[in-house]
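A.B. asks: After the structure tokens below, expect a handful of questions from me.
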Amino acid sequence: MAASGKQERAQILKMVSEGKISAEEGARLLNAIASHDRPERPTITNEALRGRWLRFRVLDLVTDKPKVNFSLPMGLVSVGLRLGAQFVPELADIDLDEFMTAIDEGTQGKILEVEDPEGDERVEIFIE
């Protein structure tokens, strides 16, 4: 929250404590400030998610066989990303806009491949 947002919040709380505005009015104002301070995220249309899956695969580099292979519906992934960004601080620092835009534009295929030579594994993520 910017310094001015903190000052506005403090002023609202002071007005409530002094009885200049009701607690309900204060809550409404605080919610307005909080929603104004949040960055706007692109929304993904339901049409872009319908029938699409995010597939995760972990391959053993020695045998080249899958250790893990599962898919999640894109609708669930979209909700999970938004929720995760609120509750997992590490996700809040990641810019998910590019990923969400790619989904909305209908991107398909492999979107991520990471190898861990020490663990003899490769992680692949696909949009299908």
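The values are calculated or read from the model by the stated rules, or taken from the named source; none is laboratory data. From a predicted model like this one, the values you see are computed outputs, not experimental measurements. Methodologically, a virtual Cβ is constructed for each residue, glycine included, from the backbone with ideal geometry; neighbour enumeration extends over all protein chains shown.
A.B. asks: Determine if the range 86-105 includes at least one residue that is charged (D, E, K, R), modelled with pLDDT under 80, surrounded by 13 or more Cβ atoms within 10 Å (Cβ to Cβ) and within 30 Å of Lys6 (Cβ to Cβ).
C.D. replies: Among the residues of the range 86-105, not one is charged (D, E, K, R), modelled with pLDDT under 80, surrounded by 13 or more Cβ atoms within 10 Å (Cβ to Cβ) and within 30 Å of Lys6 (Cβ to Cβ), which makes the answer no.
A.B. asks: Further question: Which members of the range 16-63 meet the condition of being within 20 Å of Val114 (Cα to Cα) and either part of a loop (DSSP other than H, G, I, E, B) or modelled with pLDDT of 85 or more (or both)?
C.D. replies: Trp53, Arg55, Phe56, Arg57, Val58, Leu59, Asp60, Leu61, Val62, Thr63 - these are the residues of the range 16-63 that are within 20 Å of Val114 (Cα to Cα) and either part of a loop (DSSP other than H, G, I, E, B) or modelled with pLDDT of 85 or more (or both).
A.B. asks: Any residue at all in the range 64-73 that's over 14 Å from Gln108 (Cα atoms), aromatic (Phe, Trp, Tyr) and either modelled with pLDDT of 75 or more or outside the structural domain of Asp97 (by TED's automatic domain parsing) (or both)?
C.D. replies: Within the range 64-73, one or more residues are over 14 Å from Gln108 (Cα atoms), aromatic (Phe, Trp, Tyr) and either modelled with pLDDT of 75 or more or outside the structural domain of Asp97 (by TED's automatic domain parsing) (or both).
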